[in-house]
Amino acid sequence: MQASVLKPEEYLIEKEPYYAPVGNEVAIFEAAWRNGLPVLLKGPTGCGKTRFMEYMAWRLQRPLITVSCHDDLTASDLVGRYLVSGGETVWVDGPLARAVRCGGICYLDEIVEARKDTTVVIHPLADDRRVLPIEKLGELLEAPPEFCLAISYNPGYQSVLKDLKQSTRQRFVALEFDYPGQALEREIIMAESGVDEAMAERLVRFAHMTRNLKGSGLEEGASTRLLVHAAKLIASGIDPVHACRSAISEALTDDPEMLGAVNELSASVF
């Protein structure tokens, strides 16, 4: 017996998400979607990859099912499994199967965090076959033209043990993301938080200072996401120095010396 059928409207994004294009990523994604090509987003954390996916799902009017990948993610978590419900054994689709059935977009965030044997299940969907084998049901689920598979990862965190295999990455159209330019990042902060241009400019200046410390004590500098968090606190009446300490400095590091250095940078700007 199969569990209740998915309602695609539950995954539709009705309100347009704010997204400021950096290049031609919107046109490339649309072209890939029309041609049934899977898409790989790569870039540092907090640079807008997830927001971009939300925007494209809204723009294309397709359901968006997002999976945050992690070490314990199994193939059954993605595809589905039998569960006991009300004294009956029912099949419950996983997020990947649900997206295929409804012709939606399945977004696997930070794909390299998933186990290697898990990522193999996406291969038949990411090439010309565009099928999802569901072995437990003996079913070969064919993806409709509207279905799109998208994955993301942060190349800055990759290692020998956590890298995207060539057999996986060469199936995808790749879009590279990075933090936006100074003027665009300022506009994003203003639009997302409501702070004025002068405050947004100072936040961007502070962010660039922290990004210059990457590899010299910090794994990552302040992301655009963290800047928006700080700006929202400031717009709510929090002192800029305290807002940056809570939303940015403490989020970047636990090391006392680096924490002090980043807070000093903040104090010099604000």
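The values are calculated or read from the model by the stated rules, or taken from the named source; none is laboratory data. Please read all numbers here as calculations on a predicted model, not as lab measurements. Reconstructed Cβ throughout: ideal geometry from the backbone, glycine too, with neighbour counts over all protein chains shown.
Tell me which residues, restricted to the range 209-239, are within 11 Å of residue 262 (Cβ to Cβ) and β-branched (Val, Ile, Thr). Result: 210, single match.
Taking residue 134, is it in the same structural domain as residue 113 (by TED's automatic domain parsing) and either closer than 30 Å to residue 100 by Cβ or of a type outside the set (Phe, Trp, Tyr) (or both)?
Yes; evaluated as a whole, the condition is true for this residue.
Of all residues in the range 44-81, those satisfying the criterion of being touching a strand residue (DSSP E or B) at 6+ places or on another chain (Cβ under 6 Å), surrounded by 19 or more Cβ atoms within 10 Å (Cβ to Cβ) and over 17 Å from residue 125 (Cα atoms) are 49, 53, 57, 62, 69. So which residues in the range 252-267 are without any contact (Cβ under 8 Å) to a residue 40 or more places away in the chain and under 19 Å from residue 200 (Cβ atoms), if there are any at all? The answer is 267, and nothing else. If the condition is being surrounded by fewer than 21 Cβ atoms within 10 Å (Cβ to Cβ), acidic (Asp, Glu) and out of contact with any strand residue (DSSP E or B) (no Cβ under 6 Å at 6 or more places or on another chain), then the range 167-204 contributes 178, 187, 192, 196, 197, 201.
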